[in-house]
Amino acid sequence: MLMASAVVVWEWLNEHGRWRPYSPAVSHQIEAAIRSSDPRGGSVVLGQVDSRLAPYIIDLQSMHQFRQDTGTIRPVRRSFYDPTSAPGQGCQWEWENDAGTWTPYDMEVAIAIEAAHSRQQTCLDLTPLGFCYLIDYQSMTQVNRQSQRCRRIQRRADLAYPLVSGPLPKGGGVPTVPVKNLNGSSPVHPALAGITGILMSAAALPVCLTRPPKLVLHPPPVSKSDIKPVPGLGHCCRKTTKKQTRKGKTPEEVVKKYLQKVKSPPEEVRQLQGLSPGVGPVSRAESVGRLAQCGHQYHFQCLVAMYNNGNKDGSLQCPTCKTIYGVKTGNQPAGKMEYHVIPHSLPGHPDCKTIRIIYNIPPGIQGPEHSNPGKPYTARGFPRHCYLPDSEKGRKVLRLLLVAWDRRLIFSVGTSSTTGESDTVIWNEVHHKTEFGSNLTGHGFPDAGHLDNVLEELRAQGITEDDGLTEK
């Protein structure tokens, strides 16, 4: 029988469409579970090996990871790599994150970094892999080629990933992905490809020896001389500071401003449950009002209580139809928004350049407008790069995003729907495209309806095209 070997790395799909590797110990645990039970009905409790993963369970039948405390579900996959590559040799490459802890690189990136290191290269450009970073082996740092931000990296020895020899383990219910060898010019070494194909076919597993589509998050490197201002805008940066308290109007005065008295209110008038406890019996004629624009009727004290539970910014929003009265603002933390034009085109927009937006919000302490005043909040994934076509409609969207930024409506502080982390900076219902050259995650281009969708989302926040006319 023809024999061969490959290392197995189990990976999970994050919110950015990137496959992130589990540790060697976890991969060994999953492989052991496959060998000892029927994978069509088996599950793996990850906390048995790594206490930090206590909430997570992998269902081998559906190939998904389930987080018990938040209900978050993510796809997982089983990948084969060359035994002579980094995962087969127990070499881990990691970068230092904002919290000062170490994060492993994606496996394909780690393999490329280790291969260049073994060839004694002084540096490695990660652009061909879709990342705008330069690895400097002499200083052991990673440099962002766009922002010039520098992070420390490290190479450490760890347990090698599990090795599969001969016929692959039984279990047709466990899908696999292509064998990868990044040391040569071919995506798969021909000999290993043929042997693996035979073994996978014999085990009734799908055979696919072509590389899947690449995730391209960032554009090619851009020199400072190629970065231009957005036409029609005389600035390229906007900052927000801490919330400025509006004085001079009580909640009752704000509500009265938008409410009209109703002389003969109906017997049943909308009441906002749970917002106004302790409000005693009052005359219907004195307690009920009609919102001026939409006409919906509410108890006066209910609207006052709703206003007190909100941002207290002088605006009011109808609970029924969401009509906004006044200027709505949010609780976005202090930060910076940069925007400029780069000389590259987005997929689906070949006739124009690209507007790049860079949001940067540092971690800090929650203020009185947040849900936990005085408690720290985290800010993961900043700076965040977003993209718009440099077209007439793209510039219109940018102008309105500037209004939303000034009104502190782009971000908020709350619980992340992707990680389950609380007290962290999150997007606030205005979708952005963070994937430059592909659309594997749904956050990229082409997307014919994206600009219209953003205009509609901004309109729901009380920002209309008329507001953008003042942005010059």
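Hey, among 435, 456, which residue is more than 16 Å from residue 339 (Cβ to Cβ) and free of Cβ contacts under 8 Å to residues at least 12 places away in the same chain? Quick ask: steps written out before the conclusion?
Values: 435 fails: free of Cβ contacts under 8 Å to residues at least 12 places away in the same chain.
It is 456.
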Next item on the list: Mind listing just one residue for me: the one in the stretch 278-299 that is at pLDDT 80 or above and in a loop (DSSP other than H, G, I, E, B) and, of those, nearest to residue 256 (Cα to Cα)?
Entry: 292
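Hey, any hits in the stretch 300-308 for a residue that's assigned to a loop (DSSP other than H, G, I, E, B) and crowded, with 18+ Cβ neighbours inside 10 Å? Even if it seems obvious, please write down each step before you answer.
Step one: list which residues in the stretch 300-308 are assigned to a loop (DSSP other than H, G, I, E, B), which gives none.
Checking the stretch 300-308: not a single residue is assigned to a loop (DSSP other than H, G, I, E, B) and crowded, with 18+ Cβ neighbours inside 10 Å.
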Next item on the list: Test each condition in (1) out of contact with any Ser or Thr (no Cβ under 7 Å at 6 or more places or on another chain); (2) modelled with pLDDT under 95 for residue 141 and report the one that comes out false.
Entry: (2)
Notebook entry, point to check: Looking at (1) modelled with pLDDT under 95; (2) under 25 Å from residue 466 (Cβ atoms); (3) part of a strand (DSSP E or B), which is the one condition that is false for residue 385?
Noted result: (2)
Check: Which one is nearest to the chain's Cα centre (by Cα) among residues in the stretch 363-380 that are more than 21 Å from residue 313 (Cβ to Cβ) and modelled with pLDDT of 90 or more?
Finding: 379
Margin query: Looking at (1) open to solvent by less than 20 Å² (accessible area, probe 1.4 Å); (2) assigned to a loop (DSSP other than H, G, I, E, B), which one does residue 417 not meet, given that it meets all the others?
Written below: (1)
Notebook entry, point to check: In the stretch 420-432, what count of residues is obtained for those that are assigned to a loop (DSSP other than H, G, I, E, B) and open to solvent by 10 Å² or more (accessible area, probe 1.4 Å)?
Noted result: 8
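Please find, within the stretch 230-242, the residue that is surrounded by the fewest Cβ atoms within 10 Å (Cβ to Cβ) out of those that are under 23 Å from residue 361 (Cβ atoms) and in contact with a strand residue (DSSP E or B) (Cβ under 8 Å, 6 or more places away or on another chain).
237
Scan the stretch 353-376 for residues that are closer than 30 Å to residue 227 by Cβ and part of a loop (DSSP other than H, G, I, E, B) and jot them down.
Within the stretch 353-376, the subset closer than 30 Å to residue 227 by Cβ is 353-364.
353, 361, 362, 363, listed by residue number.
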Notebook entry, point to check: With (1) closer than 26 Å to residue 314 by Cα; (2) out of contact with any Lys or Arg (no Cβ under 8 Å at 6 or more places or on another chain) as the list, and residue 455 as the residue in question, which single condition is left unmet?
Noted result: (2)
Next item on the list: Tell me, please, whether a residue that is among the aliphatic types (A, V, I, L, M), open to solvent by less than 10 Å² (accessible area, probe 1.4 Å) and either assigned to a loop (DSSP other than H, G, I, E, B) or on the phi > 0 side of the Ramachandran plot (or both) can be found in the stretch 388-404.
Entry: no
Notebook entry, point to check: Do you know which of the residues in the stretch 457-472 that are under 18 Å from residue 391 (Cα atoms), of a type outside the set (Lys, Arg) and open to solvent by 30 Å² or more (accessible area, probe 1.4 Å) is modelled with the highest pLDDT?
Noted result: 465
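Filter the stretch 56-113 down to residues that are among the hydroxyl-bearing types (Ser, Thr, Tyr) and either open to solvent by 40 Å² or more (accessible area, probe 1.4 Å) or over 29 Å from residue 143 (Cα atoms) (or both) and give me whichever is farthest from the chain's Cα centre (by Cα).
To start, the set of residues in the stretch 56-113 that are among the hydroxyl-bearing types (Ser, Thr, Tyr) comprises 56, 62, 70, 72, 79, 81, 84-85, 101, 103, 105.
Still in the running and either open to solvent by 40 Å² or more (accessible area, probe 1.4 Å) or over 29 Å from residue 143 (Cα atoms) (or both): 56, 62, 70, 72, 84, 101.
Numbers: 56: 20, 62: 24, 70: 17, 72: 14, 84: 33, 101: 20 Å.
The residue in question is 84.
The values are calculated or read from the model by the stated rules, or taken from the named source; none is laboratory data. Since we're looking at a predicted model, the values are computed, not measured. We place every Cβ from the backbone using ideal geometry, glycine too, and count neighbours over all the protein chains shown. Surface accessibility is based on the protein's heavy atoms, side chains included, excluding ligands, DNA and RNA. Shrake-Rupley method; radii C 1.70, N 1.55, O 1.52, S 1.80 Å.
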